[in-house]
Amino acid sequence: MSETLSPRIVIVGAGPAGVRAAATLVEAGFHPVVIDEGHRAGGQIYRRPPAGFARTPEQLYGSEAAKARALHALFDRMAKEGRLTHCAHCSVIAVHEGQLHVLGEGGVEVIGYDRLILATGASDRVAPVPGWQSAGVYSLGAAQIALKAQGVALGRRIVLVGSGPLLTLVGAQLVKAGADVAAVLDTSSWRQQMRGLGGLAARPLVALRGLALRARLGACYHAGVTLDRIEADEQGVTAMRWRDAGGRQRLSPCDMVGMGWHLRAETHLPDLAGCAFTYDAQWRQWLPKTDEKGRAGNGVYLAGDGVRLLGADGAEIAGRLAAAACLADLGHPAPSTAADLRKLARLARFARGLACAFPWPASMAPALPDDAIVCRCENVSAGDVRRSVDFGGGEANRVKSLSRAGMGRCQGRYCLLAAVELVAAQAGCTPNAVGRFRAQAPARPAPISAFLRDG
């Protein structure tokens with residue numbers, strides 16, 4: 001990691017976007033440095049299990065097995081041939097004046113860059129439900145990681161809640177693996193899902209594949225539900241209390257709840273790198289501003305779900321585009337991007353259809369009772385947030401300072417969206433007017449010992 005390159009191009013993330021960006025640069029004769037938190041390349045969508053794992057790629061990735069194999073083989077070949085430097089199991093925790101502060105097994109190391117491609121992906125987008133702080137509540141992504149990486153289900157009897165493709169995908173994967181899935185509860189109604197058909201028609205085969213996954217869930221899938229609360233005792237989750245589309249009270253006994261409403265872009269590093277942001281009203285989250293190829297200014301390029309939520313196929317295209325933009329800016333011949341831009345536009349239409357069909361439940365947070373927890377890390381309640389608005393006004397970072405919402409281990413990754421909507425409702429304004437929590441270094445939790453060096 002101490003090798004000097006001129007110009008030095010660093011890629012953060014080795015998922016589909018990062019791998020394709022690296023391949024484009026390698027083909028042009030450059031030697032990029034790729035920093036990734038995983039032990040092996042693949043990202044979350046194509047996460048690889050430990051060596052000797054018994055399940056096949058077909059079992060792990062389903063219809064995407066061939067794509068996963070191709071990406072894994074491409075990256076491994078480049079690394080084996082010494083055409084890139086792979087910093088595995090490392091986290092970038094800060095970006096400052098052309099330098100990355102990277103946390104690895106040996107502590108924190110500083111790596112300089114001339115050009116930076118951030119392919120940081122996305123994480124689960126979750127909404128607070130009364131009781132979600134209880135033991136046995138996980139994100140859908142956590143449930144999927146456990147299944148892919150270790151072949152285990154996180155509960156003996158499982159209820160999944162939320163909306164979007166990941167909800168039905170994880171449910172179908174757990175059912176196929178033999179887990180006991182008691183219920184899959186979708187907050188989007190059938191009528192709402194039909195409204196997204198125009199956009200979903202941009203990728204009919206993918207849409208049909210999603211319907212096939214839902215059919216695999218059978219009678220345990222319920223659309224248009226209202227989530228009341230997660231019941232729990234001292235040992236953890238005991239049941240999910242909810243209402244069906246007809247308003248009837250239902251209770252599903254379980255010992256694990258997985259939750260998620262599509263994805264949220266992972267934007268901490270773009271924020272620390274000085275990128276500008278804009279509020280996307282349809283996705284109901286703040287996304288970094290770039291041009292069509294991912295240029296964000298100051299030698300920084302963004303690719304993948306960290307800037308546009310277009311899935312694995314879109315991430316591969318965006319990775320190539322970002323690398324091509326980087327090459328062009330360096331005065332180096334760049335590959336043609338016209339075909340990729342057309343494909344990306346089609347994927348964007350499909351993604352907008354998903355956002356319409358499976359919307360973020362914007363009414364949930366404002367309806368929370370005062371004693372419901374909003375920020376699990378700091379144990380901040382909805383009442384705490386409302387009182388901070390009354391005392392200090394409806395600005396996100398003022399509320400953060402007064403209530404400590406978003407100041408814990410996750411730095412607002414899981415509570416920001418709901419907290420801002422709660423503030424907006426209390427202040428009588430829009431979430432866009434409230435703003436967003438500013439990112440702070442370190443972007444990931446880091447032990448004090450990592451910053452100490454001998455001598």
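The values are calculated or read from the model by the stated rules, or taken from the named source; none is laboratory data. It should be emphasised that the depicted structure is a prediction, and the values quoted were computed from it without experimental measurement. Cβ: placed from backbone, ideal geometry, glycine included. Neighbour counts: every protein chain shown. Keep in mind that these areas ignore ligands, DNA and RNA; they rest on the heavy atoms of the full protein, side chains included. Shrake-Rupley method; radii C 1.70, N 1.55, O 1.52, S 1.80 Å.
So the values come out like this:
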quantity: Relative contact order (%) - criterion: Cα under 8 Å, at least six apart; region: the chain; calculated: 18 percent
quantity: Accessible-area ranking of E266, E395, largest first, probe 1.4 Å; calculated: E395, E266
quantity: Accessible area, probe 1.4 Å, largest first, for residues Y46, Y414; calculated: Y414, Y46
quantity: Spin-label zone in segment 412-454 - amide nitrogen under 14 Å from a point set 7 Å from the Cα of V110 along the C-beta vector; calculated: 451-453
quantity: Length gained when the stretch E97-A276 is fully extended (0.36 nm per residue, less Cα-Cα span); calculated: 62.8 nm
quantity: Theoretical gain in end-to-end length, A149 to C429 [0.36 nm per residue, Cα-Cα removed]; calculated: 96.5 nm
quantity: Modelled FRET efficiency - R0 25 Å, A88 with A135, Cβ distances, 0.05 increments; calculated: 0.20
quantity: Net charge of Cβ neighbours under 12 Å - reference L217; Lys, Arg +1; Asp, Glu -1; calculated: +2
quantity: Fraction of beta bridges assigned by DSSP in the chain that are antiparallel (%, nearest 5); calculated: 55 percent
quantity: With all protein chains modelled, accessible area of K400 [1.4 Å, Å²]; calculated: 30 Å²
quantity: Simple spin-label estimate for R346 and A177 in nanometres, 7 Å along Cα-Cβ; calculated: 3.3 nm
quantity: Student exercise, segment 332-455 dipole from Lys, Arg, Asp, Glu Cβ charges, in Debye to nearest 20; calculated: 580 debye
quantity: Accessible area in the full protein assembly, largest first, 1.4 Å probe, for L160, L330; calculated: L330, L160
quantity: Kirkwood Rh, Cα atoms: Rg over Rh of the chain; calculated: 0.96
quantity: R0 of 35 Å, Cβ-Cβ distance I448-E27: FRET efficiency to nearest 0.05; calculated: 0.25
quantity: Segment 248-345: equivalent-ellipsoid semi-axes (sqrt of 5 x gyration tensor eigenvalues, Cα, Å); calculated: 34, 16, 11
quantity: For segment 48-99 and segment 279-324, distance of Cα centres in Å; calculated: 20 Å
